[in-house]
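The structure appears right after this line, and notes come after that.
The values are calculated or read from the model by the stated rules, or taken from the named source; none is laboratory data. Everything numeric here is computed off the predicted structure, so don't read it as measured data. Cβ atoms come from the backbone with ideal geometry, glycine included; neighbour counts cover every protein chain shown. Note: accessible area is taken over every heavy atom of the protein model, side chains too, but ligands, DNA and RNA are not part of it. Shrake-Rupley method; radii C 1.70, N 1.55, O 1.52, S 1.80 Å.
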Amino acid sequence: GSGSREAVERLVREHPVVVFMKGSPAQPLCGFSNAVVQILRLHGVEDYRAHDVLQDPDLRQGIKNYSNWPTIPQVYLNGEFVGGCDILLQMHQNGDLVEELKKLGIRSALLDAEKDQEKK
Amino acid sequence: RSFTSQTDGESRLARVLREKFPRASAIKVVDISGGCGAMYEIHIESEEFREKRTVQQHQMVNQALSEEIKHMHGLRIFTSTPKP
């Protein structure tokens, strides 16, 4: 089924940035899922895979089994579980997210924002 | 609510955390679902978290509360280590 270990493994490896959330990036259906979408947007990350667990109960349970993590949203970078909304927020605030994105070959938009600030 | 009153859920979770994290220097559990026991915020400071990545620290809390989490809609975890 869509919640099996193999199925989930395929999904988390599909793209450098994969998010399991409630709703979609265009229309998040939970405040915590929305927070993840907004943080990624701040960094200019708009090209990622998002899976709406509300559309698939098997996936909803399967992703929790896979990561041994009880809540949604879940963020995977390069196939590795990074955490939920609170951890992503912490990574955003302490600069770790910019570094992790750099490792994936993604340049955070915030770096360009900083450069613009310095020019002024 | 006064600072001294706690919901049953908050007390129970705090007790479980004290048992599972004997070296914790600070534990705070807050019901953020208006007292319904549906969502909690956990703050825990312990030497047991030192040198561990945040996601690992959170996993330790998840494991400790695995039974209780089954009955929740969500939880937020904030872990830290004491200043050396």
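Kindly establish whether A:G79 is open to solvent by less than 40 Å² (accessible area, probe 1.4 Å), facing another protein chain (nearest Cβ under 10 Å) and out of contact with any Gly (no Cβ under 9 Å at 6 or more places or on another chain). So A:G79 fails the test.
Restricted to strands (runs of 3 or more DSSP E) entirely inside chain B, those with at least 1 residues that are away from chain A (no Cβ under 12 Å) and of a type in the set (D, E) are B:24-31, B:39-46. For residues in region A:3-46 being open to solvent by 40 Å² or more (accessible area, probe 1.4 Å) and within 14 Å of chain B (Cβ to nearest Cβ), which is nearest to A:G83 (Cα to Cα)? Among residues in region A:3-46 that are open to solvent by 40 Å² or more (accessible area, probe 1.4 Å) and within 14 Å of chain B (Cβ to nearest Cβ), the one nearest to A:G83 (Cα to Cα) is A:F32.
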